[in-house]
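A.B. asks: Here it is, the structure in full.
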Amino acid sequence: METILYLAHTEADGTLPKPALEALSAATKLAQDRAGSTLRVGIVGRDVQAAADAIAGCGAETFYGVYGEDFGTSRYSSDATAFEAIVRAAGPTLVVAPGTSRLSRALPGVALRVDGRIDTHVAGLVSEGGDLAIQRWYYRQRMVATQTRTQRPWFLLVDAGVFEPWKGVPGSVSVKAVAVSLPAGLRRTEIVGVEAASSDAQTIRPDAELLFVAGAGWTKKQADGQTHVKEAEALILDFLTKTKASLGSSKSLVDQTGEGQAVIGFLSHLNQVGQTGATPRHPKGLSTCCHGEEPHVVGWRFINERRAINLDPNCGWARGKTDVLYVADAFKLIARVNELLGEC
């Protein structure tokens, strides 16, 4: 029997982000699977009532809240204090939270303060002989480990994309306010504003339906013996603008920046997938001018439908690593796709 506490924070508009709803699915599943367990909810934000009402049907017996202007934006000192207060008020044995940047920064300190233990990047929940165990990927998603702990409270930060977002009937709940006093020393950090990239400049879109991955072939000499990096930039950016796809890159392409070669200007190591890059989760993926080598394919482990464009019919993607391989010139093919998209 466990006392499960689900922790979340609100967005600027007072709602819960998608990763928070996914973590709520994990928490409700735990409460259902662990006989006799109880579920409690704790929310931090400027105003938490709307968020609590939206998940009223999750089956929690108690809703805790820390709210006010001091808790509307992310700041370690105030967040850690707020989440610690909720944990102490709820007295949980298990704490489940989404792996957002805000909670990933604050919860390790909270776990230390309450003599708990924390595991991040949780990618699954399983039962091992009746005991709760988690699954976690290691070595860039090449190995999966199943592990458990006896220490309580046990904090679990759940990765985005692992569970389906919670869906339920909203209602009206009574939120139990947890009093938190912030001395002047915890208010030294001030948020003076937010600068966000414009929608056209944004190339990393975690919620996009399609992941478009560019390989080093875009900057190599083409059939005429010349490189066409500027043309490649225009084609890729036009495709991203029209499809609202997310942009990924192979390691060999982003590494060219340090080698003095001409590179695609809007690419950085943040776009890298595979090897030491990210392992994104999208319904579909399109790899262009990539060789399909194993380290890169690892970055596609959670892509549901894989397609690739390469002039070489014997490239790595053709060896059972992609669902569809287009043996074609990526420059010509993407240019034609952009034309068709412009007609829609």
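The values are calculated or read from the model by the stated rules, or taken from the named source; none is laboratory data. Note that the structure is predicted; figures quoted are calculated from it, not measured. Here Cβ is always computed from backbone atoms with ideal geometry, including for glycine, and neighbour counts include all displayed protein chains.
A.B. asks: Would you check which residues across the range 121-140 are surrounded by 16 or more Cβ atoms within 10 Å (Cβ to Cβ) and either polar (S, T, N, Q) or in a loop (DSSP other than H, G, I, E, B) (or both) and list them?
C.D. replies: ALA123, ARG140
A.B. asks: In the set PRO170, PRO165, which member is within 23 Å of PRO280 (Cα to Cα) and in a loop (DSSP other than H, G, I, E, B)?
C.D. replies: PRO165
Quick grid of which residues meet (1) free of Cβ contacts under 8 Å to residues at least 60 places away in the same chain; (2) basic (Lys, Arg); (3) outside the structural domain of GLY72 (by TED's automatic domain parsing):
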{"residue": "ALA97", "(1), (2), (3)": "no, no, no"}
{"residue": "THR100", "(1), (2), (3)": "no, no, no"}
{"residue": "SER104", "(1), (2), (3)": "yes, no, no"}
{"residue": "ALA111", "(1), (2), (3)": "yes, no, no"}
{"residue": "GLU128", "(1), (2), (3)": "yes, no, no"}
{"residue": "ASP131", "(1), (2), (3)": "yes, no, no"}
{"residue": "ARG142", "(1), (2), (3)": "no, yes, no"}
{"residue": "THR146", "(1), (2), (3)": "yes, no, no"}
{"residue": "VAL169", "(1), (2), (3)": "no, no, no"}
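A.B. asks: Could I ask something else about it? Conditions: (1) in the same structural domain as ALA60 (by TED's automatic domain parsing); (2) under 29 Å from the mean Cα position of the chain (by Cα). GLY193 meets all but one. Number of the miss?
C.D. replies: It fails just one condition, (1).
A.B. asks: Determine whether ARG319 is out of contact with any Ser or Thr (no Cβ under 9 Å at 6 or more places or on another chain), at pLDDT 85 or above, loosely packed, with under 13 Cβ neighbours inside 10 Å and over 25 Å from ASP207 (Cβ atoms).
C.D. replies: It is false that ARG319 is out of contact with any Ser or Thr (no Cβ under 9 Å at 6 or more places or on another chain), at pLDDT 85 or above, loosely packed, with under 13 Cβ neighbours inside 10 Å and over 25 Å from ASP207 (Cβ atoms).
A.B. asks: For LEU156, all conditions in the list (1) in contact with a Ser or Thr (Cβ under 9 Å, 6 or more places away or on another chain); (2) surrounded by fewer than 16 Cβ atoms within 10 Å (Cβ to Cβ); (3) closer than 28 Å to THR276 by Cβ hold save one; what is the number of the exception?
C.D. replies: All conditions pass for LEU156, except number (2).
A.B. asks: Of a type in the set (A, V, I, L, M), surrounded by fewer than 19 Cβ atoms within 10 Å (Cβ to Cβ), at pLDDT 95 or above and in the same structural domain as GLY161 (by TED's automatic domain parsing): is that true of ALA50 in this structure?
C.D. replies: Working: of a type in the set (A, V, I, L, M): yes; surrounded by fewer than 19 Cβ atoms within 10 Å (Cβ to Cβ): yes; at pLDDT 95 or above: yes; in the same structural domain as GLY161 (by TED's automatic domain parsing): yes.
Yes; evaluated as a whole, the condition is true for this residue.
A.B. asks: Among the residues of the range 73-92, which ones are surrounded by fewer than 19 Cβ atoms within 10 Å (Cβ to Cβ) and either farther than 20 Å from SER174 by Cα or touching a His at 6+ places or on another chain (Cβ under 6 Å) (or both)?
C.D. replies: Initially, the range 73-92 is screened for residues surrounded by fewer than 19 Cβ atoms within 10 Å (Cβ to Cβ), giving 73-74, 76-77, 88-89, 91.
Passing the criteria: THR73, SER74, TYR76, SER77.
A.B. asks: Further, regarding this structure: On the basis of being of a type outside the set (S, T, N, Q) and either surrounded by fewer than 17 Cβ atoms within 10 Å (Cβ to Cβ) or not assigned by TED's automatic domain parsing to the domain that holds GLY299 (or both), does ALA214 make the cut?
C.D. replies: No; evaluated as a whole, the condition is false for this residue.
A.B. asks: I'd like the residue in the range 221-233 that is surrounded by 13 or more Cβ atoms within 10 Å (Cβ to Cβ) and not hydroxyl-bearing (Ser, Thr, Tyr) and, out of all such residues, is farthest from VAL254 (Cα to Cα).
C.D. replies: Here the residue is GLN222.
A.B. asks: Right, another one. Take residues that are closer than 18 Å to GLU233 by Cβ and in contact (Cβ under 8 Å) with a residue 40 or more places away in the chain and tell me which of the strands (runs of 3 or more DSSP E) falling wholly in the range 268-344 contain 1 or more.
C.D. replies: 284-288
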